[in-house]
Amino acid sequence: MSIKIQLTDLGHRLSIQKTYDEKLPHYEFGKRITSPITKKSLTKRNQIEAPTVRQPSLRQERNSLESTCSNISSSTTTICPEGFQYIPFEYCWILKENQTFPPLCPYPHFEQDYFKIKQVQQKHSNKTFWVYGSRNTSEGFPEFEWISKELYGQTILKNVLIDHDNLYGKDCLIVKDDQFYSSFCSEKHAFICMYSYSVLNKSKAIDMCHTSNYHYCILADYDLSNQKCFCQKIDNSKPKRNQFCEKLAEPIYPFQTQLLILHRHNFGDNKCWIGLDKKNPNLPIYSWILKNEIVNYTAWTSNSKCKDPFGVFQFIKYSRPLNGWTLSKDENISCALCEVSVEYKQPSLTLQRIEEYIVLDIDNIEAISNLIDVDFYDIFCFSDSNEDGFKERLPIRISANYKSHSIWIPIISELPSYYWCEAFTFASYFAIKSNTILAFRYSKNFGHEFALELRSKLCKQIDLFANKEYLHVSRIIKNTVQRSLNIIQSVRPMRGYYNDTVQGINLLLHISTRNNLESAAEHHKKLLEILHNTKSNFSLEFSALLNCDVCLPTNTSTIDGEILEWPETRIGAITIPSNIICLDKTYFTPVTKTCIGKSLNGAIWGEQRGNCYSNQTYSNITEKLFNLTISDMSANIIMEELISITEKPFNDQVIDIHLISVILKNLGEAYDENFNISRYVEIVSNVMEFDKSYLGRAQIMLNSTDHILSSLDNVLHNTNATSINSSKLLVEIVDLTENKIAGLGLFKKTPVTSDFEDFYTRFLYQNTSLEDLMATEDLEIAMYLPFYEDEKPRKAVFTIFYNSNLFNGYFQRITFSKIVSVSTPGFNRTLSSPLRILFKNSVFINETKDCSYWDYGIDGVLISRYGRWRTVIPSEIHKNFIEYCEFFHLTHFGLFLRMDGGGGTPGNAFEVLTITGSVLSLIGIIPIFLTAFLYSNWRNRTGNIILLNFCAAITFQIFVTFAVYATKSDGVACKIVAACFHYSVLSEFCWMFIVAYLEYRRFVVVFNNPKPHFLKKVLLFGWITPLLPVVITVSISPDNYTFDKPASVCHIAKLYFFSLFLLPIILILINNLVIFIKIIYSLSKPNEELKEIKQSRNYKFEILLAILLFFILGFTWIFGIIAMLGGGSLFSYLFCTTATLRGVILFLFFIVGNKETRLFWSKRSRYYVDNHMSTVSSFIKHIFSKQDKTDDKV
């Protein structure tokens, strides 16, 4: 007997033919439906089946629909995603074939349980598999090491078969039949990607889902890089199902339903809403709400009723078959499963040395995984302090329950060693890495550290690194030197590299000597003599022996043969000769040498900059200052001499400022109980009244003002409690053991001030109210010390600088406040509470200001560096123009107008102006190129060819500028972008030079005949000449192109910016300015040949020409140079506004303002309009003629 059921869907009548004795189709648990029931399939079925019979009753129809959800078979799926195999009761795995290294797995955080993986590999004995380990050759660690998390960074100790005929480049490992082989990483082999859901779900990743008082959450997937959770929310008020959460859970894949059933005991006996709908009550078709897709599998419970429209997940703790999907009306349910998405912020690791500890600061620690052991974060720290290998993993584990983001790690060695940490994150396949720092525990026994670089030729049968033969080399070195010289403390292998050019290795060893009061130069000489006589079985070739901290004393000579003695100098520092004054014969600036290199490879002298004659004469002041640097007089007598020099105005030169910094350093080293600290502070105060431009030049050339700050800090730290007032510098040194002082305030005596005579200071105490202090009208600055819970410092040093003259970075920033310094000598701890500073500021009230600190001195790898302002956070604005800042370390602090592109700030405005002007320039340049394309006579003229090349240079520079703004991190891309920007700007200026030359010939020379091959010469000059500075910069070091984090821009670094970027621009600007003056003068003077004829000047033409030349000869860059030298934000605005509009100016003058091009475009426009209108007219006539014919027929 057959029936016909009439169903209505979207207004269409559909028929379904079935017999009573036939089993109706049902959705079996876990079975994917290959042909989902759709309107189309139902219609097709109706076409091929037998004729229909009478309509069933409504009750029969309802019963039929309900029966489609019954008779559910038992589960046939696992907790593994589709395509994965299941290993009860923990693992899911998939075989990935033809993979290069590193292999690509579906999700991060695959397991490396060697026993389980080996079981799978044995089932595929005909395949070779990647071992998850390799050589870290890029960083100089040539041994095979594990990349898998459990053994991360540790040496692979299993014996590896090496192909000695193809030794070099085989940096990866494969395994076959439990034997490891070296392999090229580009080869293709299989890999087992294995996952453990229980490990993932027990980690802190699940904590990220508990954001809205959920009862219980589980991970909804294995992919933590796109993490989603299913979270149970219970609301006993039983709201509508769409009121529980933003997104109901949708277990789209069978394994997700299995995961929910697996955790049924945690969800309790509940029915919870899910994102499943039966959109049409009359059809057994089910779909996911947000996906808007028909389900492709079902998981109905054995007691499901399908008459209701909304999906529910039923949990029954102790009856597995009753767990799964069912349907319900939108009522009387107090539970929902919500889908929660998790986005992790990028974490970072930062190391710093404090006393005998290394402090690891972790930002966004919640993104660090804890998958190896749920009790500990997956953070590993390393050092190269070990004599038995290149590096070792430190026995440090950080508890996953550790609440502080700062971890204190004890320094393990008395020898200078590198430390770094690496960590795995939930959202990535690969580990992140901290900065690398150099640290050691202070010891009186330690003398000096030297880097020995050597090469060793190898036999084919020996891989020096795989068999740890390099340890024999270091022991030979140590034993040989020890026999001759008993000062060796350690010989350590630091880095190693394969060198296929000589069929051997490059090995870097560090030799540490004991302290026997001899200088580094004396130890170096003795070591060098012994090492030259060393022989071994490894054919050792010594390449270099360098000190790791300083460049050793050396000599050069003046032009006329006088000896220049260069003193011992720390890496990164610039120095002058110590025996005579030597100013360059051309520029009259100090002749200098820079100590370059790295502590790892050793210090070397850079090229000498400039030269002099020994018999040059210098100013009386310079002679006096130099004599004081080598004087053996007492410190107090030298200070009196120096005060008499600095208190009177004199023509302060760079050499004079640097000599003062040397004297102040020498005075600090001679500190004793008779030292007159007040006179020392007075000298620094006098220097602060020098011209800031000269102080800035001395800092850029010789780091002089940083040396002054460092010397002042050292002297004050050695001074007992005192109070010192000078015109530009205030010092308060407080003994914190005898009183309860909490800070220091600076107050005005009078509204108008010129120095500190118009101010007074007052100590602040714990009971001093911050709000009351802010309300004080005459408050200028307040400094509140941090709150110390346990041990507190014995002494605090407060220093207030009236101006910022001693703080000179490469890029000047605008400050509105005094500069303050707070330090606690001998108490170097990470602060648990902040140092709070209040600054009075009544300038640029609506602009964002930055709380900044002066970062200078010795960096994390013990290299001298130039100081710069670094921003911590924006300040908070309070009443009475008070700006509030917090800091978690102690140094020099200031308040600055934000210039780094923050939202709503001048930096952001500069970027907007630059981008807007650049886009307008591009819009202006396009018609110029279009004119050249359409007008052959115009484009073939020499002048217009040069104009087109000039436009091309501008266009290239604009696109490179966009790339500069888009590049936000250091790396190869940053270096390429910076080099392109360097080239594009210089190329544009070369074309400006060419344009200036053409305009000179046009308006000054007038009748000069064109030179032969002129066009070829200018093309070469415009495009090839700018390459030379770029090639020089790259050849010296590609690292000269770097990323400036505070400015968030890629640029050319340090002195190369001035010598190879700014200097060519200034020279071209000077040339163009001379030509500009000559052109204006030539136009203004009367023509001698026509002097008898009355001549009238065309002032309009001269003004327009001057405007054009101002833009196309690059004079807008004068604003930028002034801004860079401290001219303020006004010149920055002028530069960003004018320098980017040159394309618009070219369009206005050469297209709009040129009669010939105007005529050309007017003809083209008339032709287009006439032709277009005739076409339209013909079309209209055609339409109307058809209409007329139709009317006639009608």
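Structural remarks
- The dipole here belongs to segment 654-787: it is taken about the Cα centre, uses +1 on the Cβ of Lys and Arg and -1 on the Cβ of Asp and Glu, and is about 220 debye.
- Share of carbon and sulfur in the accessible area of segment 472-617 stands at 47%, probe radius 1.4 Å.
- Near Met494, the amide H atoms lying under 5 Å from its own belong to Leu508, Leu509, His510; only residues 5 or more places off or on other chains count, and H is placed 1.01 Å from N.
- Span from the segment 290-340 Cα centroid across to the segment 731-756 one, whole angstrom: 71
- Cα-Cα over 18 Å, subset of Lys648/Lys818; Lys278/Lys329; Lys624/Lys648: Lys648/Lys818
- Converting phi to 3J(HN,Hα) with the Karplus coefficients 6.51, -1.76 and 1.60 and the offset θ = phi - 60°, segment 289-298 yields 5, 6, 5, 6, 10, 5, 4, 10, 7, 10 Hz in sequence order, with x at every glycine or proline.
- By accessible area with a 1.4 Å probe, ligands and nucleic acids excluded, highest first: order of Glu876, Glu738, Glu682: Glu738, Glu876, Glu682
- For segment 637-685 versus segment 210-259, the spacing of their alpha-carbon centroids is 71 Å.
- Whole-number percent relative contact order across segment 356-510, with pairs defined as alpha carbons under 8 Å at least 6 apart: 22
- Of the whole protein surface, Trp408 contributes about 90 Å² of accessible area at a 1.4 Å probe radius.
- Couplings for segment 984-1001, taken from phi via the Karplus curve 6.51 cos²θ - 1.76 cosθ + 1.60 with θ = phi - 60°, read 5, 5, 5, 5, 4, 5, 4, 6, 5, 4, 5, 4, 4, 4, 5, 5, 4, 5 Hz in order; Gly and Pro are left as x.
- Residue pairs, from the table Lys233/Lys433; Lys204/Lys433; Lys598/Lys975; Lys291/Lys968; Lys526/Lys593, whose Cα atoms sit over 29 Å apart: Lys233/Lys433; Lys291/Lys968
- Other-chain or far-sequence residues with amide H under 5 Å of Thr592's (modelled H): Arg609
- You can think of it this way: the chain between Ser634 and Glu331 has 99.7 nm of extra reach, that is 0.36 nm per residue less the Cα-Cα gap.
- Cross-link pairs beyond the 26 Å C-alpha cut-off, checked among Lys525/Lys585; Lys748/Lys849; Lys96/Lys317; Lys116/Lys149: Lys525/Lys585; Lys96/Lys317
- Table column - 3J(HN,Hα) (Hz), segment 620-636, Karplus curve with 6.51, -1.76, 1.60, x for Gly and Pro: 4, 4, 4, 4, 4, 5, 5, 4, 5, 5, 10, 6, 9, 5, 5, 4, 5
- Rounded Å value of the spacing that divides the Cα centres of segment 582-626 and segment 87-102: 63
- Accessible surface of segment 87-149, 1.4 Å probe, proportion on carbon and sulfur as whole %: 50
- Phe827 accessible area, assembled protein chains, probe 1.4 Å, Å²: 20
- Sequence-distant residues sharing a close amide H with Gly867 (under 5 Å, placed H): Gly857
- Heavy-atom accessible area for Tyr181, with the other protein chains in place and a 1.4 Å probe, reaches approximately 80 Å².
- Restriction of the trypsin sites (Lys or Arg not before Pro) in segment 76-169 to DSSP coil positions whose beta-carbon has at most 11 other beta-carbons within 10 angstrom yields Lys123.
- Peptides 252-264, 1104-1116 ordered by average Cβ neighbours within 10 Å, highest first: 252-264, 1104-1116
- Accessible area per residue for segment 718-804 is 49 Å², calculated with a 1.4 Å probe on protein heavy atoms, without ligands, DNA or RNA.
- Listed residues His717, His532 arranged by accessible area, highest first, probe 1.4 Å: His532, His717
- Accessible surface, segment 74-129, averaged per residue in Å² (probe 1.4 Å): 55
- Normalised per residue, the accessible area of segment 616-672 is 48 Å², obtained with a 1.4 Å probe and no contribution from ligands, DNA or RNA.
The values are calculated or read from the model by the stated rules, or taken from the named source; none is laboratory data. As the structure is a computational prediction, the values presented were derived from the model and not from experiment. Please note: Cβ atoms are built from the backbone with ideal geometry, for glycine as well, and neighbour counts cover all protein chains shown. Please note that ligands, DNA and RNA were not included when accessible areas were found on the heavy atoms of the full protein model with its side chains. Shrake-Rupley method; radii C 1.70, N 1.55, O 1.52, S 1.80 Å.
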